[in-house]
1. Could you grab the Rg to Rh ratio for region 42-155? Cα atoms only, Kirkwood for Rh.
2. Net charge near Tyr79: determine it from the other residues with C-beta under 15 Å of the C-beta of Tyr79, scoring Lys and Arg +1 and Asp and Glu -1.
3. Which net charge results when you count Lys and Arg as +1 and Asp and Glu as -1 among the other residues whose beta-carbon is under 13 Å from that of Gln96?
4. At a 10 angstrom cut-off on C-beta neighbours, averaged per residue, how do the peptides 108-116, 125-133, 44-52 rank from highest to lowest?
5. Quick one: net charge around Leu53, please, counting Lys, Arg +1 and Asp, Glu -1 for every other residue with C-beta under 13 Å from its C-beta.
Amino acid sequence: MITTRVILVAVLTLAPCLARAGDPIAEDNESVSKVKGPYKTFVDYLSQSSQELRDRFDSLKTYLISLGDDVQMKQLKYYAAFRRLNNFACVEVHPQSGQIVIYLKVDPKSIPLEPDFSRDVTDVGHYGTGDLEVRVESDADLEKAKPLILRSYEVS
């Protein structure tokens, strides 16, 4: 009786490995192995974004790089970092909400914070560097963010 259970467990455990192509078990096993990890990368989010959001990111990127000859962009796994000697802007793209989130090295206490535009993330964990979060949903928001970006650039 015990040997029958051991054999049955062994057969059920090895069945996906022994299945042939075209078998339902083999097809299910292949689809599971193709599943990615739980987090999407910056490139994934950018490729899933609308054309309008990608164009807005390109405008932001052009502005950030035009601040000086010493500005470099480094695309990391979850965000894009813009730096001189140190990062002065870290950018995330959120296609579902249609927003670009920028983290800047600006003291949040030195500016008036606006709801749905800027917030203090000093004590909030996030990717990138900076204590000020700026959310850009429109071209008008991007224009409103430029003085803050310039201030962060000058500090770095």
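Coordinate-derived values only; no laboratory data. None of these values were measured; they are calculated from a predicted model. Positions of Cβ are backbone-derived with ideal geometry, glycine not excepted, and every protein chain shown enters the neighbour counts.
1. 0.92
2. Value of the local net charge: +4.
3. The answer is -2.
4. So the order, starting with the most tightly packed, is 125-133, 44-52, 108-116.
5. Net local charge, Leu53 excluded: -3.
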